[in-house]
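What follows is one structure encoded as structure tokens, with my remarks underneath.
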Amino acid sequence: MRFVTLLATFTVVVAGSPTQLRAVYVPREVQQESHDLDPKYVIGEVIASEFDRHVPVLSDNLRGELNTLRNDISRQFDSLKHHMDVKLDRMQRDAPVVDTPQPVEQRPRQETPSSATPAATIRHNLAMAELRRLGSELTQTMNEEVTKLREEFRTSLEHLREQLQNTTDVLAVKLGSEFTTQAEESTTVLKKVFCLTRNQMTLIQDTLSNITSAIKVGNTHDADSSTTLPPTTTTTTTTTTTTSTTTTTSTTPEPEDMPKDCMEALIYGMTHSGVTKIKPSPEMEPKKVWCDQKVEGGGWTVMLQRKKQPTQIDFRRPWQDYAEGFGDPDGEYWIGLEALYKLTKGNPYNLRVEMTWEDEEAESLYDFFSVGPARAGYRGYELNVGGYNKTSTGGDAMEYHNGMDFSTFDQDNDGASGGSCSEWSGGGGWWFNYCYYSNPTGIYPPSDLPPNTQVDHLVEWRKWQGYYTYLSSFRMLIRPN
């Protein structure tokens with residue numbers, strides 16, 4: 001899904017001063033073609049528009065500095081011109097002048113070179129030498145000033161280019177992050193709406209199926225009564241036969257009325273926590289699980305439980321055991337991958353992780369949890385988990401495992417190369433990556449474990465207590481989203 005209409009307000013730094021970046025409206029042409037544009041192109045367009053908006057301001061600043069430089073140079077020239085005029089006036093006063101006789105026709109007097117006094121000639125030569133020196137110094141000074149101004153202008157342009165580049169990079173990162181966040185939020189909302197709609201449709205279908213079954217049973221009962229109605233003399237016997245037939249009919253479909261999970265068990269009136277039989281799908285055999293009907297309104301099916309008991313369950317099991325499930329719901333057990341797949345197929349569940357360490361407790365909550373199907377014999381059961389609730393106190397140790405196939409010591413499907421994460425982690429099965437931040441199927445801490453012992457294969461949830469902190473109890477619960 002690609003959509004960009006309005007990007008949030010950001011604060012960026014342009015030319016050394018904070019500037020508020022207003023909301024940028026994407027043109028209608030871009031909106032019409034947004035399904036063909038990727039986020040990088042849209043972000044580039046927004047950055048280009050912001051650059052075009054700030055260039056006039058920067059141009060005005062540079063134009064102002066050039067005007068200032070031009071005025072300084074003009075003042076320097078005016079001062080030099082005044083100085084030159086003063087020198088020329090002094091030279092004219094000091095230069096020798098010879099008067100020639102005026103002809104009868106009163107011709108204009110012409111100044112002709114003639115012999116001058118030695119003192120005047122010396123003063124004239126000194127003035128000319130001074131003038132040449134001043135002109136040379138002025139030329140050198142002007143060249144130096146122009147070179148200095150050129151260097152300052154080049155330095156200012158480089159500094160401005162660096163600031164624009166830095167501002168553009170920061171803006172691109174912020175826009176990309178905001179776009180990703182909005183896309184994830186929108187996707188989460190759509191998933192929730194989709195799941196709620198699907199759940200409502202499922203409930204409606206189940207209700208219609210129950211009504212249809214009830215109608216069929218009623219019609220069958222009426223037909224049997226009408227066809228087997230005996231004479232008056234044998235009414236008692238016939239009534240007894242009919243009653244026994246009806247009782248048999250009502251008790252035979254017990255497996256069909258078995259709840260799919262603990263939420264349906266709660267709806268059926270099983271309000272007490274304890275061991276309950278469920279049937280995740282019609283083709284599966286009933287399975288015993290522990291239902292928690294107290295936490296947050298109940299309806300939680302416990303999929304994994306670890307706790308201290310006289311004899312700990314060995315979680316070093318082959319692939320087939322993890323696919324089918326093992327253990328006792330009264331103590332430690334694993335519900336089974338196939339049951340998880342059937343429960344969450346087409347209907348993501350909420351996941352609740354509860355753990356204790358000594359006298360401390362924590363929980364991690366997720367909005368979405370599902371398990372994919374088995375593939376190619378001993379692969380598959382891919383983990384899909386997300387929507388971590390940030391109010392949780394246990395930390396998100398499942399994100400690292402999201403998207404991984406299930407692995408056991410005899411079926412290595414992890415992300416590590418050159419070894420088995422299951423073997424390195426105690427032999428339990430899990431959605432190992434390389435290798436784990438959570439290892440709830442590791443070895444349960446023995447009672448005689450010395451303090452501060454660092455063993456890397458016990459029950460861990462590293463996002464809560466860190467590495468080498470072994471949990472006292474652990475369980476994972478799911479219920480329909």
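The values are calculated or read from the model by the stated rules, or taken from the named source; none is laboratory data. What you see is a predicted model, and the numbers here were worked out from it, not measured in a lab. When we count neighbours, we look across all protein chains shown, and the Cβ atoms used for this are built from the backbone with ideal geometry, even at glycine. Calculation scope for accessible area: heavy atoms of the full protein, side chains included, ligands and nucleic acids excluded. Shrake-Rupley method; radii C 1.70, N 1.55, O 1.52, S 1.80 Å.
Would you mind getting the Kirkwood hydrodynamic radius of segment 350-405 from its Cα pairs, rounded to one decimal in Å? Mind showing how you got there, number by number?
Values: mean 1/r = 0.0807 Å⁻¹.
Hydrodynamic radius (Kirkwood, Cα pairs) of segment 350-405 is 12.4 Å.
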Per-pair calculated FRET efficiency, R0 = 60 Å: Leu58 and Asp410 via Cβ, rounded to 0.05: 0.35
Principal axis dimensions, largest first and in whole angstrom, of segment 337-481 by Cα: 45, 38, 21
Sum up the charges of everything whose Cβ sits under 14 Å from the Cβ of Pro56, counting Lys and Arg as +1 and Asp and Glu as -1, but leave Pro56 out. -1
Taking all protein chains in place and a 1.4 Å probe, what share, in percent, of the accessible surface of segment 296-426 do carbon and sulfur account for? 45 percent
Relative contact order of segment 251-347, defined on C-alpha pairs under 8 angstrom at six or more residues apart (%): 23 percent
Residues whose built amide H sits under 5 Å from the amide H of Ser473, excluding neighbours closer than 5 in sequence, are Thr356
Spin-label model distance (nm) - Ser281 vs Val86, 7 Å beyond Cα toward Cβ: 10.5 nm
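Pairs to check: Lys308/Lys390; Lys277/Lys463; Lys307/Lys345; Lys308/Lys463; Lys277/Lys308; Lys294/Lys390. Give those whose C-alpha atoms are more than 26 Å from each other in this structure. Please report the intermediate quantities before stating the final value.
Values: Lys308/Lys390 29 Å; Lys277/Lys463 34 Å; Lys307/Lys345 29 Å; Lys308/Lys463 22 Å; Lys277/Lys308 24 Å; Lys294/Lys390 23 Å.
Too far apart for the 26 Å limit: Lys308/Lys390; Lys277/Lys463; Lys307/Lys345.
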In whole angstrom, note down how far apart the Cα centers of segment 380-428 and segment 301-377 are. 13 Å
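Which whole-number percent is the relative contact order of segment 284-433 (Cα, under 8 Å, 6+ apart)? Could you put the intermediate results ahead of the total?
Details: 284 pairs, mean separation 26.6, N = 150.
Relative contact order of segment 284-433: 18 percent.
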The set of residues whose placed amide H lies less than 5 Å from the amide H of Gly415, leaving out same-chain residues fewer than 5 positions away, is Asn433, Tyr434
